[in-house]
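Read through the structure below, which is laid out as structure tokens, and then see the notes.
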There are 2 protein chains.
Amino acid sequence: MSLLSLSPFVRGDEGMWLFNNLPIEYLKKQHGFEPTPEWTEHLMKSSVRFNVGGSASFISSSGLVLTNHHVASDTLFKLSDKDHNYLEDGFHAKTHADELKAPDLELNQLIAIKDVTAEVNATVKESMKPEEAVAARRAVIAKIAKESLDRTGLRSDVVTLYGGGQYHLYQYKKYTDVRLVFAPEAGIAFFGGDADNFEYPRYCLDACIFRVYEDGKPAKIEHYLKWSENGPTENELVFVSGNPGRTSRIFTTAALKYQRDVRMPFALNLLRRREIVLQQFGLQGVEQARRAREELFGVQNSRKAYLGMLGGLQDPSVMAAKAAAEAEMLKMISADPKLAKYKDAFSAIEKVQKERAAVINQNLAFNSQLVGIAINLVQMIAEDKKPSGERLPEYAEADRESLEQQLFSEAPIYADLEQYILADALSRTIELRGADDPLVVKMLNGKGPGERAAELVAGTRLIAVAERQQLAKGGEEAVAASKDAMIEFAKLVDPEFRRLRKITDELAEIEKQAYAKITELNFMTKGTSTYPDATFTLRLAFGTVKGYEEGGETIPAMTKFGSAFDHEVNHAGQKDFVLPESWTKARKDLNPETPFNFVSTADIIGGNSGSPVVNKKGELVGLIFDGNIQSLTADYMYTDKQTRSVSVHSSAIREALKYVYGAENVAAELGK
Amino acid sequence: MSLLSLSPFVRGDEGMWLFNNLPIEYLKKQHGFEPTPEWTEHLMKSSVRFNVGGSASFISSSGLVLTNHHVASDTLFKLSDKDHNYLEDGFHAKTHADELKAPDLELNQLIAIKDVTAEVNATVKESMKPEEAVAARRAVIAKIAKESLDRTGLRSDVVTLYGGGQYHLYQYKKYTDVRLVFAPEAGIAFFGGDADNFEYPRYCLDACIFRVYEDGKPAKIEHYLKWSENGPTENELVFVSGNPGRTSRIFTTAALKYQRDVRMPFALNLLRRREIVLQQFGLQGVEQARRAREELFGVQNSRKAYLGMLGGLQDPSVMAAKAAAEAEMLKMISADPKLAKYKDAFSAIEKVQKERAAVINQNLAFNSQLVGIAINLVQMIAEDKKPSGERLPEYAEADRESLEQQLFSEAPIYADLEQYILADALSRTIELRGADDPLVVKMLNGKGPGERAAELVAGTRLIAVAERQQLAKGGEEAVAASKDAMIEFAKLVDPEFRRLRKITDELAEIEKQAYAKITELNFMTKGTSTYPDATFTLRLAFGTVKGYEEGGETIPAMTKFGSAFDHEVNHAGQKDFVLPESWTKARKDLNPETPFNFVSTADIIGGNSGSPVVNKKGELVGLIFDGNIQSLTADYMYTDKQTRSVSVHSSAIREALKYVYGAENVAAELGK
């Protein structure tokens, strides 16, 4: 029909493709490559998800896992203390016995995907009120997940795709005994710091190596990536297998305007605030700076990413392009009486944005681990009284193991940092909800935010894991009787958390139904060979290794070891541009021509960090660690003109292991 | 009458007293000291105001002026370039010929004060609409100022006191040829950096020395302060003569709640945003960091000050105390039929706060010098067509010289920094007013904020002072014909600036009338021996040199040179805690027992920076440079329990000049 004449759904090398719906025809036609089912399965099973929010891959038969330093940084921080700063100084285990067990990592290996859309949709009826629909959807999803878990023993997640258009069951093998093998210094992993973040050219060894264990021994891994001898060459086709976190490409203009006018400014105000708070805490001393640093990195990274996203949305031409495409779609709908019902989807989404904007200032965010633990405990114990399908999803039976791993983690919690962060969060809550808000009055307990935060942190014993376990074991009576200050605080705020959660869950439900309709329309008019927005589940992206033009200059596809030393000289006097001593010492042994970082057109986003880049033979040729500044608008639109993903070259990792770190034991195992 | 039995209007050593209404009786009774008219006049005329926002004093007959390094920093920055960083590295002129002329400093010496309340009030009638009242008040004030200027040749400012209760004419001798004589390194002036700012104990040589010139020669100064031989001792009575910038002690609870719930959170979001923007700009390189640094200091200082103020207002007990006092006052009003008319004042103020809150998001703030210059030019030329009394006050005839000094200043403007700041300011304007706001659409000219900022900065020639002067000379036709991008931008936004200005001026007028009534009530019930809120005009504060208790610890009144070196050791590894090389080298020559900084109970606030601290003999014993963290709530309440002002000890300045900097020539001139 005539609708097929519309502009193609995807452009160039766009796409974060589902492993069960790859663009085989496009790859064949455009790149002369047809992935076989074996190739695809091997890559899928060689890919690893870090549940803290990153991607990775198996790179040896004995369980070596490669990811980014900045994905590992959470664990490096948790393993560190006043006297061992692995995050800053790096780590190298010369033997298995030296490897350090991560306190709470969970790694997921995707084993199978099953489309369960029909089963979900059979339960959730259009005629239901949002509240009923939320409950029905929650129940059927919990049931599918639980049945899968019981049947297979695999972690089972039902994933919402196409904004609500499809539901797939993802089954994962879990690894929870994960040990640190190698990390470089932060100075080379994040060379150029916040200034160079999201920039290119780059010179970063943003890599870290773990090993998964089973039954106390290095796990035997069937699917792992071979290590490419020389890495990629310019213009070579490469593939990225990873877990992009979130995109908004299906968003209507109303939804994008909400992001532009409300949510992103709101989020950025919070991020800037947290950035200053963490900086200020760090100014108190060297140890305080260490305690704050990992979170500060994360906040700065988000701030820069959000600013890039917002910058695009604030460009009138970007929004005009989105609006024009939507206008064309709406014109098409109006022209065809059979399509009339789809129009409501757009107005439903617009209405949801207004309602979101109306409650955003009621937002409760404490950014405190202790408050989080207390709320988790209070909620878990309350939820456990209900059947699994009626609980808030994070407390469903199928997810309990993962939840408990986090809740009972031995990772350190620093009371001084907690108090500092909480004081600011209380102050922010007063600002957002008003000092006369009855909940705020109760939260403060007659004190100023600083004094109250001190009281709460001093009055809790939840820093001790045993205390948390005892409360969990004690159940309802233990929580009711508890005089722990944080537990009492959690009991106070829990009803409001639930009230707000109910509102946002119902708004999300309305959106799901609306986006399901828009997806139906897209499939009908543009075909089903497309990909859904990112959902922090495994996707395949592809592209070619190539540079780009910027401000009249040609940015080359690859950088070299030698240029890293030049970069240091060009930025003399700037604190984030000092190469670690290990590199200065090893300079004479390094080949300056060794490729260091490279860019490709593969379509990625946050969450893809640590993704393996592989060639047609399925060999590892690179390690995704960033996108360039032009890629920050990829949240809602992709163009291969300047958008590039940035990777560490496989040869750089191998050479650095050998010649900078003397980590021959690790280098010898790569791809073996 | 019975109302006099209420709690006294001021507490302990509270007060920023008018030089024409000093608390003679209190000083006599409490401190056994009675200032003579000569003592008072000498101190007044020895005091100096820095129009950039600070205080100072004459300290020699040949025009030496002592202020803070952080008051001078604006000038130090303007005198610096890529190769001379006086702000960071300090400066010392060995001869008069070496002294560096500040590009745009104006120093004011207060000569006389005259109460003109009757004349102002005779013109502004209660029956007038706010718009008419604004115009009438503006006209009479411009007239008084102009007549005074013509009659005396002195800078003449009509100052609004008691929130609108009184109007005084301040006549100043102006000094505009001001030259830099001595500045220490930022490392000792601001030892401890942002971390130690507003903290005590401190170890800062926050001092800087200028010299005023007349007719190209060092000015002959009649009133200057003698230098105390040994400085103050503990428990000594001291006086502070300076220009506190702004306090809000008369504020009603409604006005304080507006500060707490609306204005301060709004201002803090802007400050944090600017802080991050300036940090990010500085990350680009050493020279960029230098360019951003001075403004960054200012923003960080304000952020910390505002957080302290907000922290107090968010403490329920603070607001409860304010509310209780107000309730008592309202009860008194209700009880006395003669006082009934005063009740309206409180509700009028409450209404103003709501109206302020309603327009705050329309706020236009570009933080760009070039935009500021363009708007000044466009407005000045438009205003000059009107009689002086009908103009916006800053364009009145009496102020023209000061305005032109700023507008045609040769201080450097950095295009790269301007562009960076403006891009963010445009982005913020989109956030605040919405992307679909018609003015925003026009401001962006179809481009994103970054691209538009680049276009504006590239399209202006206003960096050249000659260009500004030519436009000013060309007048209306020149501005109308100008295709300069910034001038066109200013013409675009000027009507909206004026619309918002009209709203805020009228709200301020309503407040002035209401606070005038409240002041009348205060005078009637509590007597006239009181002081008005700070107005960046000369005030006298007094107090005793003494320490305080904090967290069970006694904080001593004074610190010593020796402890500065200990402080460095205690903060090893922190970048703002490294003493300059000059101090490390001079250590052997310094007496470790020399007092360095001290605290007193004198009631000060921002703007008092650089104020001389004098003893009963009128000798200089110290130099105000900060308040402790507890003093940050002094904006709206004073208590001498922990609130302390922090000064550099006079001996520290003298000894450092001699033994650290070899500035014998300067040391020899102190007080001479």
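Laid out as a table, the results:
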item	result
Residue B:617-residue B:496 pseudo-label distance in nm [points 7 Å out on the Cα-to-Cβ vector]	6.1
Peptide-level mean, for A:254-263, of C-beta atoms on other protein chains within 10 Å	2
About the Cα centre, charge dipole magnitude for region B:405-477 (Lys/Arg +1, Asp/Glu -1 at Cβ), debye	60
Accessible area (Å², per residue) of chain B, counting only protein heavy atoms and a probe of 1.4 Å	39
Between region A:352-379 and region A:555-569, the Cα center-to-center distance that results, in Å	44
Residue B:132 versus residue B:390: modelled label distance in nm, points set 7 Å from Cα along the beta carbon direction	1.7
Amide hydrogen neighbours beyond the local backbone of residue B:111, cut-off 5 Å, H modeled	B:171, B:172, B:173
Inter-part distance where region A:253-274 and region B:13-65 are each reduced to a Cα centre, Å	50
Two-site FRET efficiency, residue A:575 against residue B:101, from Cβ-Cβ distance with R₀ of 35 Å, rounded to 0.05	0.50
Sulfur and carbon atoms: percent of accessible area, region B:448-515 [1.4 Å]	56
Average partner coverage of B:446-456, which counts Cβ from other chains inside 10 Å	3
Contour excess over end-to-end distance, with Cα ends at residue B:354 and residue B:89 and 0.36 nm allotted per residue	90.6 nm
Ascending list, in nanometres, of distances separating the residue A:470 label from those of the other copies (7 Å, Cα toward Cβ)	8.1
Accessible area buried between chains A and B, both sides summed, probe 1.4 Å, in Å² to nearest 100	3100
Point-charge dipole on Cβ atoms (K/R +1, D/E -1) for chain B, about Cα centre, debye to 20	1160
Label distances, nm, residue A:445 versus same residue in remaining copies, Cβ-directed 7 Å point	5.7
Rg/Rg_globular for region A:43-119, with Rg_globular taken as 2.2 N^0.38 Å and Rg from C-alpha atoms	1.35
Anisotropy class of region B:470-611 from Cα gyration tensor, a/c 1.5 cut	oblate
Solvent exposure ordering (accessible area, 1.4 Å, most first) of A:503, B:381	A:503, B:381
Inter-copy spacing of residue B:150 label points, which lie 7 Å from Cα along Cα→Cβ, given in nm from shortest upward	9.8
Centroid-to-centroid separation of region B:101-136 and region B:633-651 [C-alpha atoms, Å]	30
Residue-wise HN-Hα coupling along region B:531-546, computed from phi with Karplus coefficients 6.51, -1.76, 1.60 (Hz; x: Gly, Pro)	10, x, 4, 5, 9, 6, 10, 5, 9, 10, 10, 8, x, 10, 6, 7
Heavy-atom accessible area ranking, 1.4 Å probe, most first, across A:81, A:115	A:115, A:81
Of all accessible heavy-atom area on region A:241-319, the percent that carbon and sulfur account for (1.4 Å)	57
Using a Förster distance of 45 Å, the FRET efficiency for residue A:321-residue B:476 (Cβ separation, nearest 0.05)	0.60
Nearest-0.05 FRET efficiency for residue B:114 and residue B:36, computed from C-beta distance (R0 22 Å)	0.55
Chain A, helix-only ellipticity at 222 nm - DSSP H runs n ≥ 4, -39,500 (n - 2.57), divided by all residues, nearest 500	-14500 deg cm²/dmol
Region B:97-156, dipole about Cα centre (Lys/Arg Cβ +1, Asp/Glu Cβ -1), debye to the nearest 20	320
Simple spin-label estimate for residue B:416 and residue B:593 in nanometres, 7 Å along Cα-Cβ	5.2
Shape call, chain A: gyration tensor on alpha carbons, a/c limit 1.5	rounded
Residues whose placed amide H lies under 5 Å from that of residue A:17, excluding near-sequence neighbours	A:540, A:541
Zone residues, region A:498-520, relative to residue A:344, backbone N less than 15 Å from point 7 Å out along Cα-to-Cβ	A:510-518
Note, ³J(HN,Hα) from phi for region B:600-613, Karplus 6.51, -1.76, 1.60, rounded to Hz, x at Gly and Pro	9, 7, 4, 8, 10, 7, x, x, 6, 3, x, 5, x, 9
Chain A: DSSP helices with Cα axial extent of at least 18 Å and average Kyte-Doolittle hydropathy no lower than -1.0	A:130-152, A:264-282, A:286-313, A:316-335, A:343-359, A:369-383, A:415-433, A:465-481, A:485-526
Protection proxy ranking of B:383-392, B:599-608, B:218-227 - average other beta-carbon atoms within 10 Å, highest first	B:599-608, B:218-227, B:383-392
Sequence-distant residues sharing a close amide H with residue B:236 (under 5 Å, placed H)	B:545
Cβ crowding within 10 Å averaged over residues, with B:517-529, A:135-147 ranked highest first	A:135-147, B:517-529
Average other protein chain Cβ within 10 Å of Cβ, residues A:195-207	1
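The values are calculated or read from the model by the stated rules, or taken from the named source; none is laboratory data. Remember, predicted model here, so these are calculated numbers, not experimental data. Note that each Cβ is placed from the backbone with ideal geometry, even for glycine, and that neighbours are counted across all protein chains shown. For accessibility, only protein heavy atoms count, side chains too; no ligands or nucleic acids. Shrake-Rupley method; radii C 1.70, N 1.55, O 1.52, S 1.80 Å.
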